[in-house]
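The values are calculated or read from the model by the stated rules, or taken from the named source; none is laboratory data. On a predicted model such as this, the values are computed, not experimentally measured, just so you know. As a convention, Cβ positions derive from the backbone with ideal geometry for all residues, glycine included, and neighbour counts pool all protein chains shown. Ligands, DNA and RNA are excluded from the accessible area calculation, which covers all protein heavy atoms including side chains. Shrake-Rupley method; radii C 1.70, N 1.55, O 1.52, S 1.80 Å.
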Amino acid sequence: MTFADEIAARYPDLNWVNLEVAWAYVDYIKEIAEDGASVPVLHACGERVLSRNPPPQPVNHIAFTIMKPAKDAKDWNTLAAWMSRVDPSLLSPAGMKLPDGKEGWSYLARWYHYRNMGLIGTGRAQEALPLCREAIEKFPNQYKFFAYDLARAYAGIGAYEKAAETFDELCRNVRPDFYHLFDYGKVVHQLGRPEEALGLMARAAKAGQRPEFMVGYFMDMGDIFKQVGRLDAARDHYTLATALRMRNSWSIPAELQQRLDENAIASIEDSVEELTYRCSRHWSDCETEPSPITTQYEREKPLEEGITGTIYLGHPEREYFFINPPGTDGYIGFKNELTWAPEDRSQVVFDVVPSFNRKKNEWAAKAANVRPTDNTPAK
């Protein structure tokens, strides 16, 4: 990079020199980003490139390299700044092919998502609304992300009824992530329904995420528990949020310290694990019946029916098997669901149904209703 700067200073009027220096910076910024450079450092390097008036292509590459860590750090000003410097006419709408053959995000879709988050995060949610709707139409494979952007944009302008409707539709169409449920709960709370808000947040808290990922939500839950008169639950959630921060050597925000003082919590003697267990009992009290979001998927009709494929049973003590249809990805199935004993590597007929993996906290597809073909022998 020192050599590149010296050459650029010596030949400022040679466009090809400036272009080569710009691409050198593209690689440099990408490398230091992968090494964990901070957002301000990345931003400063990017600004240095912009001072040379590079063409749009390297600027786009630099912008995407900076926008991802800015998003992760919730540095909305930096995200918005680099989002505005992208030339979207140069971005492909075609999704990148993943190793499993499926289609991933396109650069244009990613730009829409970053743009929405940047606008919402910098208080310009009204501007994000038409972009969110446009992205939902253009990129149906990323519906979950753009519907979430749309719900947050509605909430950002105070249109909580619209935000709740959008969250409800999102949770009915796809498996929501824990933060979808938490933010849905915040919107419902704004609408004056604290008990319903706690039910949504409890389902999110029970989703199996590491407590560190939810530390910011526990104080919000404590506030709502306090509002509805469940003071022990409120204290437990304030204490859990504090214990998590202490264990990770994170600072205690002033608003959390204020709640500790108001509740006369001077010291914390219980472990994070004990506090999480105590809070989990409060969560169970908030959810007295099965989650409609979960049961909806469990009752859903098969995604595909009557598929033919080869079954691979593997070791006899293995609990699962695979079925590979010709020319497509295979599906996992579970031996305890088999109603007959097929031969290994024989042809079978099966259906594909949604399956919720509680350990991984994610929805997937599995093989079910496995049955013999006309020429499949059974043991």
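Data for the structure
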quantity	calculated
Qualifying residues in region 328-351 (those that are in a loop (DSSP other than H, G, I, E, B) and open to solvent by 90 Å² or more (accessible area, probe 1.4 Å)) - the one modelled with the lowest pLDDT	T339
Any hit, region 142-149, residues being touching a residue at least 12 places away in the same chain (Cβ under 8 Å) and acidic (D, E)	yes
G208, sole failed condition from (1) within 28 Å of N248 (Cβ to Cβ); (2) at pLDDT 90 or above	(2)
So T308, is it among the hydroxyl-bearing types (S, T, Y), surrounded by fewer than 11 Cβ atoms within 10 Å (Cβ to Cβ) and at pLDDT 70 or above	no
Subset of region 1-52 [of a type in the set (G, A, S), surrounded by 12 or more Cβ atoms within 10 Å (Cβ to Cβ) and assigned to a loop (DSSP other than H, G, I, E, B)]	A37, S38
Qualifying positions in region 168-203 - more than 20 Å from G216 (Cα to Cα) and out of contact with any strand residue (DSSP E or B) (no Cβ under 7 Å at 6 or more places or on another chain)	D168, E169, L170, C171, R172, N173, V174, L191, G192, R193
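For (1) modelled with pLDDT of 90 or more; (2) open to solvent by 70 Å² or more (accessible area, probe 1.4 Å); (3) in contact with a strand residue (DSSP E or B) (Cβ under 7 Å, 6 or more places away or on another chain), each residue gets a yes or a no:
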position: D236; (1), (2), (3): yes, no, no
position: M246; (1), (2), (3): yes, yes, no
position: E269; (1), (2), (3): no, yes, no
position: E274; (1), (2), (3): yes, yes, no
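Let's see how each residue does on (1) more than 30 Å from G192 (Cα to Cα); (2) within 19 Å of the chain's Cα centre (by Cα); (3) open to solvent by 30 Å² or more (accessible area, probe 1.4 Å):
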{"site": "S84", "(1), (2), (3)": "yes, no, yes"}
{"site": "W111", "(1), (2), (3)": "yes, yes, no"}
{"site": "Y114", "(1), (2), (3)": "yes, yes, no"}
{"site": "T122", "(1), (2), (3)": "no, no, yes"}
{"site": "C132", "(1), (2), (3)": "no, yes, no"}
{"site": "D168", "(1), (2), (3)": "no, yes, yes"}
{"site": "V174", "(1), (2), (3)": "no, yes, yes"}
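Quick grid of which residues meet (1) farther than 14 Å from H282 by Cα; (2) part of a helix (DSSP H, G or I); (3) in contact with a Lys or Arg (Cβ under 7 Å, 6 or more places away or on another chain):
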position	(1), (2), (3)
R172	yes, yes, no
A202	no, yes, no
V215	yes, yes, yes
G222	no, yes, yes
A233	no, yes, no
A241	yes, yes, no
